[in-house]
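The block underneath contains the structure these notes are about, expressed in structure tokens.
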Amino acid sequence: MRIRYFSSIPSTQVKLLEDIKTGTIKKRAFYLSFNQTNGIGSRGNAWQNVQNGIYFSFCTKLKHLDPSIPTSSFSIYMGRLLLRAVLRFNKDVWLKWPNDFYLGDKKVGGLISQKTSEFLVIGLGLNIKDASFEGLGLSKKDSINLVIGLLKEVGLKDTSLIETLLSKDAPTSFDIESKSNKLVFLEEKNSWKDIFSKYKLEFSRNRAFNAHSKNEVLSLKDSILLDDGSIKIGQDIYYSMR
């Protein structure tokens, strides 16, 4: 896995997509920053950057994913998988349909998924601390440990060097190669069936909230979660497609 840390960057997602397009990235990669100045959010909106945050983008080849994952629910799959790392630091964080991380009733992060011909590209932003936005409130050490946890969830085998580099007082940008488990998303614990079964248990929390579909605001009060990750409201079915 190629791992790049940027001391500052406009957008990890835009940079990774550009590097895939130019052929700079040909295999799994993880782009990380604690300072992102022009991030992108759901529906093409700008991501509201905070004083302290974690921003990363990750890509893996589509052939290394469980083929039973519905294409329209990549965000649900990756969001619930990565939530496992977050829950080690705060057990009250949950995944709101289809791609937002909430702490109680406040948004603390968001995830987007984009597909190229070969790759699934995931972007995640997590608020750590800010005067205007809710955050996870983690110390620098725990923020680094959370990044390490996220890297382990996507298959990185040895995280010691990354931890050392990020623990410096003012870490500088770096670009390294490290061994990873290419088949991590094909393991039983990471199957769509296993991940989605956990998501279904928590879905009822959504019914106190709204969601967006294109230009429409949807009340989730009477929503029904279907087996492919879409939701049914009345006679209409909505897909996340993010």
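The values are calculated or read from the model by the stated rules, or taken from the named source; none is laboratory data. Only a predicted model underlies this, so the values are computations on that prediction, with no experimental measurement involved. Backbone-built Cβ (ideal geometry, glycine too); neighbour counts: all protein chains shown. Heads up: the accessible areas ignore ligands, DNA and RNA and are worked out on the full protein's heavy atoms, side chains in. Shrake-Rupley method; radii C 1.70, N 1.55, O 1.52, S 1.80 Å.
Observations, loosely collected:
- Qualifying residue in the range 211-226 (condition: of a type in the set (A, V, I, L, M), part of a helix (DSSP H, G or I) and out of contact with any Cys (no Cβ under 6 Å at 6 or more places or on another chain)): no
- Within the range 1-18, tally of residues that are among the charged types (D, E, K, R), farther than 23 Å from Lys168 by Cα and open to solvent by less than 50 Å² (accessible area, probe 1.4 Å): 0
- Residue in the range 75-87 that is open to solvent by 10 Å² or more (accessible area, probe 1.4 Å) and more than 15 Å from the chain's Cα centre (by Cα) present: no
- Pair list, Cβ < 7 Å and 6+ apart or interchain, from the range 199-216 residues that are free of Cβ contacts under 8 Å to residues at least 60 places away in the same chain to residues that are surrounded by 12 or more Cβ atoms within 10 Å (Cβ to Cβ): Lys200/Leu225; Arg207/Leu220; Arg207/Ser223; Asn210/Leu218; Asn210/Ser219; Asn210/Leu220; Ser213/Tyr238
- The strands (runs of 3 or more DSSP E) located wholly in the range 61-141 that include 2 or more residues which are closer than 19 Å to Leu16 by Cβ occupy 106-115, 119-129.
One line per residue, one yes/no per condition, for (1) over 20 Å from Ile3 (Cβ atoms); (2) of a type in the set (Val, Ile, Thr):
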site	(1), (2)
Tyr102	yes, no
Lys107	yes, no
Glu118	no, no
Glu134	yes, no
Leu150	no, no
Ser167	no, no
Ile176	no, yes
Glu187	yes, no
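- Any hit, the range 93-102, residues being closer than 18 Å to Asp130 by Cα, among the β-branched types (Val, Ile, Thr) and open to solvent by less than 10 Å² (accessible area, probe 1.4 Å): yes
- Search result, residues across the range 199-227 that are open to solvent by less than 70 Å² (accessible area, probe 1.4 Å) and in contact with a helix residue (DSSP H, G or I) (Cβ under 7 Å, 6 or more places away or on another chain): Tyr199, Leu220, Ser223, Leu225
- Restricting attention to the range 229-240, the residues that are buried (at least 16 other Cβ atoms within 10 Å of the Cβ) and in a loop (DSSP other than H, G, I, E, B) add up to 4.
- Options Leu138, Leu124; residue that is in contact (Cβ under 8 Å) with a residue 60 or more places away in the chain and in contact with a helix residue (DSSP H, G or I) (Cβ under 8 Å, 6 or more places away or on another chain): Leu124
- When restricted to residues that are among the charged types (D, E, K, R) and either under 19 Å from Asn145 (Cβ atoms) or without any contact (Cβ under 8 Å) to a residue 60 or more places away in the chain (or both), the range 166-198 contains 6.
- Options Ile176, Ile195; residue that is assigned to a helix (DSSP H, G or I) and out of contact with any His (no Cβ under 8 Å at 6 or more places or on another chain): Ile195
- Members of the range 178-228 that are farther than 30 Å from Tyr31 by Cβ, under 19 Å from the mean Cα position of the chain (by Cα) and of a type in the set (D, E, K, R): Lys200
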